[in-house]
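Inspection log for the structure reproduced underneath, given as structure tokens.
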């Protein structure tokens, strides 16, 4: 509990599953989708206690620096570090950049996506404290979310033996990539499987060592890119040509599935990756008919709908059920809730 | 066939069933809902042949004179008469004003709503010619639309004996107000019932005589209102105080159901009263999936939908069926096609 943990917020995503609100220029993590603040801002807020967490590092693309800086300013954070990726190369290289900026020493890095929500932050912080004990001893920690159903859109973690001295933390037997439904149901029954939330805690030196061992091309590219980075205010710019030589690989595939001494800290923080409009429906406050309405929207004899009427828009529905209706800017999306994942089909068509 | 017929276009409606496009300020007859032209303009165009039809009279409210004049100008009509009703008093008084402007003589008046569409105008004009023979002899003629289903939203006409010398024209046995479904189905089976399209042909003198006999208060109010009307360009303004004393009654109730010598000219002109968004779906050109799309709209794995994306809007739908989606101005309406009549419920709520 004595180590100060450095938050590393990965903000590389530009998900299209929340189109028309989420777009490449304004991806979902920067939108106030679940309340007054963006999910990026909520991620900052979770680790705002400077007695426990150091100034955050953010890894993002050049097109999103403005969003990051606006949210940092709104949160009153003036000492963050913004690592500007010349191009997206997936999570393993992004985290390597942060580990190098941290000095490559035994600093503990808490790697978090920027586009998740949690309703029980205390539970999350408690799990971090537990994991930190194992991480201090060299483990690479993942966080395992208690599954609420046989979700096929997430990777799973098979938990093994307890880690001595770290409350609830267990070894990882194996990682399971996004499963088929039958596999997901079997894992749910087995009980020792958890969702991989894409959140990690590890020492910078340990990560870089494992990366060098299992993904040397990534390690080499990132080392070279950070040999003499350009600095500009809060921003750090790795060398573009060097970084672009890095393979694009996830931390799961490049490191976690190969490294020794990987542990999982179970946690049930009321987590959602807000992966679709359907997830936002689940998160939203329901009216008496089970509608989640925001903006100027009226629903008559209508139930189970998610409606977002953007600024200046008015949505009026009658007699429809379980639809997603998003009016944003010039665009209007209409899709059944159960087909929310197919928004990407529309985006491809447009 | 020698008589020149004077078209009288009633433009008093301000239907809400096509909200959000149709509003009190811009009711449906002035909107280009079925093509490039408004239904009011299409009504003018049907009787544009000056060898057969005199300059039209239009009866409308003060708030719609601008729409009427714009469409008249676009149609190149400079000799119309616009009778400006101080307030709506239903159709019997409106037609009385026109009959008085026509001089109260044996001029034949072709009374038409301004918000219907017809796909076979030739059939309509042929039926007018047939009816005109009976009208010349003093009959009041209605036009009976061949029913295509047991519609409960229309009045019905029971046809009787043939009118000698007027091809297809028959006496009217009785008028049936909007029926219950069972009644409608029975009439459909009986075969001698037609829909009352609200289109009439009659001599001005005969109408005024029947009105004086069966609705003397209306006749008196209209006579007084037209004793010294104010003229202003194409516009005629009846005396407001006098007109406002008129009862508000339909021509059907005040005259047609009571008068002697009422006939019906059967006609099948591909008629629609465009009474709901569902009617516009029926009229529209369908894509391979049975969608009627206008404006910037895409439908993926979606069928049977009516979508209108207004200027600057883009509607994208996936996996939905038989919906009406209207994006117009700031408003977006979503309702099942089968509930199109319930748009009025939404309008009442707003």
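Miscellaneous remarks
- Subset of segment B:248-265 (residues that are touching a strand residue (DSSP E or B) at 6+ places or on another chain (Cβ under 8 Å) and either crowded, with 21+ Cβ neighbours inside 10 Å or assigned to a loop (DSSP other than H, G, I, E, B) (or both)): B:251, B:255, B:256, B:257, B:259, B:261, B:262, B:263, B:264, B:265
- Hits in segment A:271-294 (condition: at pLDDT 95 or above and on the phi > 0 side of the Ramachandran plot): A:290
- Exactly one residue out of B:274, B:320 is more than 14 Å from chain A (Cβ to nearest Cβ), buried (at least 22 other Cβ atoms within 10 Å of the Cβ) and farther than 30 Å from residue B:138 by Cα, and it is B:274.
- Hits in segment A:41-72 (condition: part of a helix (DSSP H, G or I) and within 17 Å of residue A:200 (Cα to Cα)): A:43, A:44, A:46
- In the set B:231, B:174, only one residue is more than 27 Å from residue B:145 (Cα to Cα) and either in a strand (DSSP E or B) or not assigned by TED's automatic domain parsing to the domain that holds residue B:43 (or both); that residue is B:231.
- Test result for residue B:242, away from chain A (no Cβ under 13 Å), farther than 27 Å from residue B:197 by Cβ, assigned to a helix (DSSP H, G or I) and out of contact with any strand residue (DSSP E or B) (no Cβ under 6 Å at 6 or more places or on another chain): yes
- Unmet criterion (only one of (1) outside any loop (DSSP other than H, G, I, E, B); (2) surrounded by fewer than 20 Cβ atoms within 10 Å (Cβ to Cβ); (3) touching a helix residue (DSSP H, G or I) at 6+ places or on another chain (Cβ under 8 Å)) for residue A:25: (1)
- Unmet criterion (only one of (1) buried (at least 20 other Cβ atoms within 10 Å of the Cβ); (2) touching a residue at least 40 places away in the same chain (Cβ under 8 Å); (3) over 13 Å from the mean Cα position of the chain (by Cα)) for residue A:42: (3)
- For segment B:198-212, the set of residues classified as in contact (Cβ under 8 Å) with a residue 12 or more places away in the chain and more than 20 Å from residue B:133 (Cα to Cα) consists of B:211 only.
- Selection status of residue A:234, touching a helix residue (DSSP H, G or I) at 6+ places or on another chain (Cβ under 6 Å) and crowded, with 16+ Cβ neighbours inside 10 Å: no
- Screening segment B:237-247 for residues that are within 15 Å of residue B:60 (Cα to Cα) and in contact with a helix residue (DSSP H, G or I) (Cβ under 7 Å, 6 or more places away or on another chain) and picking the one that is surrounded by the most Cβ atoms within 10 Å (Cβ to Cβ) gives B:238.
- Yes/no for residue B:78 being in the same structural domain as residue B:9 (by TED's automatic domain parsing), on the phi < 0 side of the Ramachandran plot and crowded, with 16+ Cβ neighbours inside 10 Å: no
- Qualifying residue in segment A:289-296 (condition: in contact with a helix residue (DSSP H, G or I) (Cβ under 9 Å, 6 or more places away or on another chain), without any contact (Cβ under 8 Å) to a residue 40 or more places away in the chain and either facing chain B (nearest Cβ under 10 Å) or in a strand (DSSP E or B) (or both)): yes
- When the residues of segment A:149-166 are filtered to those that are touching a helix residue (DSSP H, G or I) at 6+ places or on another chain (Cβ under 6 Å) and surrounded by 15 or more Cβ atoms within 10 Å (Cβ to Cβ), the one that is farthest from residue A:127 (Cα to Cα) is A:150.
- Number of residues in segment B:198-228 that are assigned to a strand (DSSP E or B) and surrounded by 23 or more Cβ atoms within 10 Å (Cβ to Cβ): the value is 5.
- The listed residue being under 19 Å from the mean Cα position of the chain (by Cα) and without any contact (Cβ under 8 Å) to a residue 40 or more places away in the chain, out of B:282, B:301, B:257, B:348: B:282
- Residues of segment B:299-317 classified as assigned to a strand (DSSP E or B) and either surrounded by fewer than 24 Cβ atoms within 10 Å (Cβ to Cβ) or more than 7 Å from every other protein chain (Cβ to nearest Cβ) (or both), total: 8
- If only residues of segment A:325-340 that are over 16 Å from residue B:314 (Cα atoms), in contact with a strand residue (DSSP E or B) (Cβ under 7 Å, 6 or more places away or on another chain) and more than 7 Å from chain B (Cβ to nearest Cβ) are counted, the one that is surrounded by the most Cβ atoms within 10 Å (Cβ to Cβ) is A:340.
- You will find that of B:133, B:84, B:111, the residue that is closer than 15 Å to residue B:265 by Cα and surrounded by 22 or more Cβ atoms within 10 Å (Cβ to Cβ) is B:111 and no other.
- Screening segment B:73-148 for strands (runs of 3 or more DSSP E) wholly inside it with 2 or more residues that are closer than 22 Å to residue B:223 by Cβ and free of Cβ contacts under 8 Å to residues at least 24 places away in the same chain returns no ranges.
The values are calculated or read from the model by the stated rules, or taken from the named source; none is laboratory data. Just so it is clear, the model here is predicted, and its values are computed rather than measured. For neighbour counting, all protein chains shown are included, and Cβ atoms are generated from backbone atoms with ideal geometry for every residue, glycine included.
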